[in-house]
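Accompanying notes for the structure given below.
The values are calculated or read from the model by the stated rules, or taken from the named source; none is laboratory data. Bear in mind that the values here come from a model prediction, so they are computed numbers and not experimental data. Note: ideal-geometry Cβ built from the backbone for every residue, glycine included; neighbour counts use all protein chains shown. The area values use the complete protein model at the heavy-atom level, side chains included, leaving out ligands, DNA and RNA. Shrake-Rupley method; radii C 1.70, N 1.55, O 1.52, S 1.80 Å.
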Amino acid sequence: MRAQLEAKTQFWIRYALTLAFFIIPFPALAKRLKPPAEVAPRPAQSELQVGALRLRRCKKAPAYCGHLLRKLDPTGAVTGEINIGFQFYPHLDSATPPLEPIIAMEGGPGYPSTQTRHSYLALFRPLMDHRDLLLVDNRGTGLSGAVNCPLLQREPTAAPEGIKECGITMGKTAYLYGTAAAADDLAAVLDALHVPVANLYGDSYGTYFSQTFAILHPERLRSLVLDSAYPVVGLSPWYPEIAPTSKQALNYACQRSASCRDLAGDSASRVGELVRQVREHPFSGQAHDGDGGLQQVTADPANIAYLLYGNSTTSVLYRELDAAARAYLQRNDKLPLLRMLVENKHMGESGGPGASIKEYSAAMFVSVSCTDYPQIYDMKSPPDERRAQRARAFAEKQSANPELYAPFTIDEFNAMPLDTSVLSLCLEWPRAPEGFRSGQPVPAGTPFPKIPVLVLTADLDTLTPSPQATSAAALFPNAREVSVQNSFHVTALQDPDDCASLIVRRFMQELSSGDTSCARSIAEIHLVPDFVWRFQDLAPATASPGNEATPDELRIATAAAYTVGDALERWWVNTTGKGVGLRGGTFSYRTSGSHSLYKFKHLKWVEDVAVSGEGDWDYRYPGPIKVRIKVHTGNERGQLQMTWNYRTPQVQARITGKMGRRTLTATIYAPF
């Protein structure tokens with residue numbers, strides 16, 4: 001739900017594309033690291049003949065680039081043409097004829113596939129000895145005539161003024177960038193390249209596109225993979241799956257974490273109580289965002305709904321919201337919650353001055369959404385009538401199902417930014433032309449093909465909730481759905497566990513998902529046990545043989561561990577490599593290969609323990625983390641080392657060192 005780079009688990013290009021309902025965003029996050037080295041060799045030839053097209057070596061990618069001129073309006077009612085741009089990565093074993101190629105389609109809508117090439121190359125490199133890879137940018141994005149509406153593009157999140165101006169600017173072309181037209185563009189590219197049959201992978205909105213392509217051009221597909229899917233037929237404009245999935249995900253995260261599972265009650269109920277309290281007594285305050293900027297924010301139901309449903313800070317959300325709710329409800333400690341809201345606001349911005357039109361087109365997000373997704377009002381009506389229709393729809397839904405978005409009201413849900421709530425996104429968009437089929441990119445009643453289909457879903461994904469993936473799978477006669485536990489939106493790209501990615505490659509190779517047991521063995525999220533002010537309020541680390549430290553010194557070790565874990569968790573919401581601690585101090589990191597190398601300076605998670613030192617986090621499975629720190633609290637001084645593998649289920653962190661002159665050796669449920 002948004003627009004920010006890729007709400008996918010992108011380690012290299014940063015978690016993102018988190019999006020407006022079916023987006024995948026985070027362009028700002030891409031600044032955090034240089035892209036990884038290309039996994040495909042740079043082509044030796046300057047040109048390559050593929051089918052009827054002469055392709056030229058790309059300037060910035062190890063591929064051959066081409067384009068195909070297409071009519072903007074296939075009916076000819078609106079004149080004009082558009083170049084559909086693409087990248088072609090030839091198979092690497094030139095001694096053998098290629099097998100059916102792979103096509104990867106990005107999400108959004110609004111994101112170009114070619115901008116995610118690093119992730120697609122990493123995913124499919126093991127298959128590319130014998131299979132070409134084709135990345136085609138949908139019309140209006142990236143290499144395919146990216147559409148720029150300046151005001152809309154500059155807005156941090158989509159707003160009525162920018163949407164209205166964009167609709168006026170696009171005029172008669174406002175409805176010519178839909179999914180069906182883009183699917184026909186891909187078919188035309190395949191014709192020009194003389195590719196009769198291919199394997200298609202789509203993620204997020206790419207799954208919506210891929211279903212459309214499969215229906216309109218079923219003869220062109222050997223296999224289809226839908227990663228984080230929602231159905232192209234039968235989708236409700238109210239998205240009723242979101243709230244139940246969110247509550248279920250909160251409870252899953254708590255039940256699977258040793259630091260939360262023994263608490264009385266359930267996580268969703270605690271968050272629900274938080275919403276009720278701030279509804280009665282909203283409050284405002286300042287907190288630091290992930291980059292250390294101090295921002296003002298209000299804790300109210302709409303902003304908490306945005307935190308839950310915006311998908312901008314997923315890992316942070318599950319790790320910290322339960323504890324932040326308890327800190328406020330039990331001790332009136334507002335800071336943990338305010339920080340989460342500020343971080344979400346910062347990371348949720350899909351536009352702004354840094355949003356490159358080549359990386360994301362806000363115009364395409366709105367245009368495709370208003371063309372293809374079902375609405376609660378009639379797009380053929382003028383905006384004034386649509387607003388009246390929306391008011392009636394709200395009243396009817398409030399009467400029939402007031403708990404639709406519980407613990408939030410319908411009005412509170414609608415008060416989120418437009419590219420997250422989406423209920424009012426299209427009110428200011430131009431009137432649809434005659435004959436327009438609202439929310440129906442494929443002809444009604446068209447049968448779904450019997451091709452092999454793999455549907456991947458994540459059980460902590462509230463952007464494309466698992467019930468939507470199940471509905472998408474049910475549309476195809478020969479579909480297999482696989483749920484990946486403890487995973488978020490888009491499971492196979494930059495997969496740290498090499499689980500979903502392996503399943504995808506096996507499926508494309510063998511047309512069978514094979515053994516999927518790894519999907520039930522992904523490491524859980526380690527929830528914060530509690531947010532406290534003083535180390536004395538924490539449970540002591542568990543002493544190991546040879547420990548001489550006192551119980552209070554073991555509590556200091558616990559505080560130090562969670563101070564480090566808190567800084568590591570900010571990685572998901574940081575774009576600059578520098579940040580601040582919850583209660584003071586700073587941290588920084590730089591990237592070296594697959595490692596994030598941290599420095600901590602007087603970092604504070606509780607008020608009376610400061611941590612300085614270094615940490616080394618290797619993203620690669622099993623995710624080893626090594627920390628060497630100095631600890632200061634009152635008259636106590638210590639030097640500690642910590643190690644654990646963060647991708648190992650139920651892992652314990654080992655803590656060793658000295659507190660004063662006493663040897664400390666202990667373990668703690670890993671803080672991250």
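Points worth noting:
- Pick from the stretch 241-272, criterion open to solvent by less than 50 Å² (accessible area, probe 1.4 Å) and not in a helix (DSSP H, G or I), ranking: farthest from TYR318 (Cα to Cα): GLU241
- Residue in the stretch 180-193 that is outside any helix (DSSP H, G or I), in contact (Cβ under 8 Å) with a residue 24 or more places away in the chain and of a type in the set (A, V, I, L, M, F, W, C) present: no
- Exactly one residue among ASP291, ASP300, ASP333 is touching a Ser or Thr at 6+ places or on another chain (Cβ under 8 Å), surrounded by fewer than 24 Cβ atoms within 10 Å (Cβ to Cβ), within 30 Å of GLY585 (Cβ to Cβ) and not aliphatic (A, V, I, L, M), and that residue is ASP291.
- The residues of the stretch 482-501 that are without any contact (Cβ under 8 Å) to a residue 40 or more places away in the chain and buried (at least 20 other Cβ atoms within 10 Å of the Cβ), listed by number, are VAL482, VAL484, CYS499.
The rows are residues; the columns are (1) open to solvent by 60 Å² or more (accessible area, probe 1.4 Å); (2) among the polar types (S, T, N, Q); (3) touching a Phe, Trp or Tyr at 6+ places or on another chain (Cβ under 8 Å); (4) modelled with pLDDT under 95.
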| residue | (1), (2), (3), (4) |
| --- | --- |
| VAL611 | no, no, yes, no |
| TYR619 | no, no, yes, yes |
| THR648 | no, yes, no, no |
| ALA653 | no, no, yes, no |
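- Condition met for SER517 (over 13 Å from PHE124 (Cβ atoms) and of a type in the set (S, T, N, Q)): yes
- Count of the stretch 502-553 residues which are open to solvent by 60 Å² or more (accessible area, probe 1.4 Å) and under 25 Å from the mean Cα position of the chain (by Cα): 3
- Single unsatisfied condition, LEU29 versus (1) part of a loop (DSSP other than H, G, I, E, B); (2) modelled with pLDDT under 90: (1)
- Qualifying residue in the stretch 428-439 (condition: surrounded by 16 or more Cβ atoms within 10 Å (Cβ to Cβ), aliphatic (A, V, I, L, M) and assigned to a helix (DSSP H, G or I)): no
Results for (1) part of a helix (DSSP H, G or I); (2) of a type in the set (Asp, Glu); (3) open to solvent by less than 10 Å² (accessible area, probe 1.4 Å), shown as yes or no for each residue.
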position	(1), (2), (3)
LEU329	yes, no, no
ILE376	no, no, no
LYS380	no, no, no
ARG387	yes, no, no
ARG392	yes, no, no
LYS397	yes, no, no
GLU412	yes, yes, no
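- Positions within the stretch 154-180 being open to solvent by 20 Å² or more (accessible area, probe 1.4 Å) and over 26 Å from the mean Cα position of the chain (by Cα), in sequence order: GLU161, LYS164, GLU165, ILE168, THR169, GLY171, LYS172, THR173, TYR175, LEU176
- Among the candidates GLY593, GLY634, the residue that is open to solvent by 50 Å² or more (accessible area, probe 1.4 Å), under 27 Å from ALA327 (Cβ atoms) and at pLDDT below 95 is uniquely GLY634.
- Those residues of the stretch 555-581 which are surrounded by 22 or more Cβ atoms within 10 Å (Cβ to Cβ) and among the aliphatic types (A, V, I, L, M), in sequence order: ILE556, ALA557, ALA559, ALA560, ALA561, VAL564, ALA567, VAL573, VAL580
- Residue selected from the stretch 440-465 under the condition in contact with a Ser or Thr (Cβ under 9 Å, 6 or more places away or on another chain) and surrounded by fewer than 23 Cβ atoms within 10 Å (Cβ to Cβ), by the criterion modelled with the lowest pLDDT: VAL442
- Annotation note: Cβ proximity below 7 Å between a residue of the stretch 227-249 that is farther than 28 Å from SER513 by Cα and a residue that is open to solvent by 30 Å² or more (accessible area, probe 1.4 Å) (sequence gap 6+ or interchain) occurs for PRO237/GLN375; TRP238/LYS397.
- Which numbered condition THR207 fails, given (1) of a type in the set (Val, Ile, Thr); (2) open to solvent by 10 Å² or more (accessible area, probe 1.4 Å); (3) assigned to a helix (DSSP H, G or I): (2)
- Restricting the first member to the stretch 105-125 and to residues that are more than 16 Å from VAL225 (Cα to Cα) and open to solvent by 10 Å² or more (accessible area, probe 1.4 Å), and the second to residues that are of a type in the set (S, T, N, Q) and part of a helix (DSSP H, G or I), the beta-carbon pairs closer than 9 Å and six or more apart or on different chains are ALA122/SER501.
- Wholly enclosed strands (runs of 3 or more DSSP E) of the stretch 583-672 bearing at least 1 residues without any contact (Cβ under 8 Å) to a residue 40 or more places away in the chain and farther than 28 Å from GLU524 by Cβ: 586-592, 595-603, 610-618, 624-633, 636-645, 652-659
- Assessment of the stretch 126-141 against the conditions (without any contact (Cβ under 8 Å) to a residue 12 or more places away in the chain and open to solvent by 50 Å² or more (accessible area, probe 1.4 Å)) yields no matching residue.
- When GLU349, GLU359 are checked against the criterion of being open to solvent by 10 Å² or more (accessible area, probe 1.4 Å), under 30 Å from PHE531 (Cα atoms) and assigned to a loop (DSSP other than H, G, I, E, B), a single residue qualifies: GLU349.
- On inspection, ARG319 does not qualify as more than 23 Å from the chain's Cα centre (by Cα) and basic (Lys, Arg).
- Inside the stretch 414-427, residues that are under 27 Å from ALA325 (Cα atoms) and part of a loop (DSSP other than H, G, I, E, B) make up a count of 4.
- Cβ pairs under 9 Å, 6+ apart, first in the stretch 441-454 and free of Cβ contacts under 8 Å to residues at least 24 places away in the same chain and closer than 12 Å to PHE213 by Cβ, second open to solvent by 20 Å² or more (accessible area, probe 1.4 Å) and among the β-branched types (Val, Ile, Thr): none
- Checking each residue in the stretch 182-203 for being of a type in the set (Asp, Glu) and open to solvent by 10 Å² or more (accessible area, probe 1.4 Å) picks out ASP184, ASP191.
- Hey, LEU69 aliphatic (A, V, I, L, M), more than 25 Å from ARG222 (Cα to Cα) and open to solvent by 60 Å² or more (accessible area, probe 1.4 Å) or not: yes
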